[in-house]
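Scroll down for the structure; my scribbles are underneath it.
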Amino acid sequence: MRVKAQLPNMLTYLNLTLGLLAIVCIVSEQYVISALLIILAALMDRLDGKLARKLDVESEFGKELDSLCDLISFGVAPAILMWSFHMADIGVLGFFVVALFAISGAYRLAFFNITDFDGFYMGIPITLCGGIVALMAIYSANYATNIYVLGFIMLLLSYAMVSKRIRLKKR
């Protein structure tokens, strides 16, 4: 395999590594650092796709790898972050909120991996939703926030990921 073809995948692996490191930071109750790692992973996710297009090395393998890594970094890590930081305080309801967030992200990623692209994506990308959750965690670390408002926003983001009413043009 050519090195050039693997460069975007290396950024994708870095995205995954940052997502896993974010989860490790959650275990250590370093919530703000975890949120910052999720945001940094989003930057890597943005760069891997741009680099693949620029080098003309887009592949089915790269698309699948990107989706798997995105699920960890922008679905699972933000869900665990919000669970550990806030949602555990409201028990089963909090678990339902974070589980629905991760499930919605997985659905969105799987849906777009099997759907022919027509120039428009429906719903908000998981990367953006995971980044918003990370920003909510940073905000709530510095300012008093209502857990139910955070949960409601996560439910809205979950809906936005799978909504067919929201159409975004691919850049």
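The values are calculated or read from the model by the stated rules, or taken from the named source; none is laboratory data. Please read all numbers here as calculations on a predicted model, not as lab measurements. Reconstructed Cβ throughout: ideal geometry from the backbone, glycine too, with neighbour counts over all protein chains shown.
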Revision key, fill the gap. Subset of the range 124-146, residues assigned to a loop (DSSP other than H, G, I, E, B) and farther than 21 Å from residue 45 by Cα, comes to 143, 144, 145, 146
Exercise for review: Sort out which residues of the range 113-152 are in contact with a Gly (Cβ under 9 Å, 6 or more places away or on another chain) and within 17 Å of residue 63 (Cβ to Cβ), and write them in order of number.
Suggested key: 126
**Study point:** Failed criterion for residue 156 (all others in (1) part of a helix (DSSP H, G or I); (2) in contact (Cβ under 8 Å) with a residue 12 or more places away in the chain hold)
**Key:** (2)
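Let's see how each residue does on (1) among the hydrophobic types (A, V, I, L, M, F, W, C); (2) modelled with pLDDT of 95 or more; (3) more than 22 Å from residue 11 (Cβ to Cβ):
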| position | (1), (2), (3) |
| --- | --- |
| 79 | yes, yes, yes |
| 84 | no, yes, yes |
| 127 | no, yes, no |
| 140 | no, yes, yes |
Point to revise | Number of the exception - residue 149 against (1) assigned to a helix (DSSP H, G or I); (2) more than 17 Å from the chain's Cα centre (by Cα); (3) under 22 Å from residue 33 (Cβ atoms); (4) not aromatic (Phe, Trp, Tyr) | key: (3)
Revision key, fill the gap. Filtering the range 1-59 down to residues that are closer than 25 Å to residue 76 by Cα and not in a helix (DSSP H, G or I) yields 28, 29, 30, 59
Point to revise | Residue list for the range 1-20, restricted to those being surrounded by fewer than 18 Cβ atoms within 10 Å (Cβ to Cβ), over 13 Å from the mean Cα position of the chain (by Cα) and of a type in the set (A, V, I, L, M) | key: 1, 3, 5, 7, 10
Practice item. Could you tell me whether the range 27-43 includes any residue that is in contact with a Phe, Trp or Tyr (Cβ under 9 Å, 6 or more places away or on another chain), surrounded by 16 or more Cβ atoms within 10 Å (Cβ to Cβ), more than 24 Å from residue 162 (Cα to Cα) and not hydrophobic (A, V, I, L, M, F, W, C)? Key: yes
Point to revise | Search result, residues across the range 65-82 that are surrounded by fewer than 24 Cβ atoms within 10 Å (Cβ to Cβ) and touching a Leu at 6+ places or on another chain (Cβ under 7 Å) | key: 67, 71, 72
Check your understanding: If you take the residues in the range 98-141 that are free of Cβ contacts under 8 Å to residues at least 60 places away in the same chain and among the β-branched types (Val, Ile, Thr), which one is surrounded by the fewest Cβ atoms within 10 Å (Cβ to Cβ)?
Key -> 114
Practice item. Would you mind finding the one in 61, 95 that is surrounded by fewer than 15 Cβ atoms within 10 Å (Cβ to Cβ), within 30 Å of residue 2 (Cβ to Cβ) and out of contact with any Lys or Arg (no Cβ under 8 Å at 6 or more places or on another chain)? Key: 61
Point to revise | Residues (part of a loop (DSSP other than H, G, I, E, B) and not charged (D, E, K, R)) located in the range 82-123 | key: 86, 115, 117, 119, 123
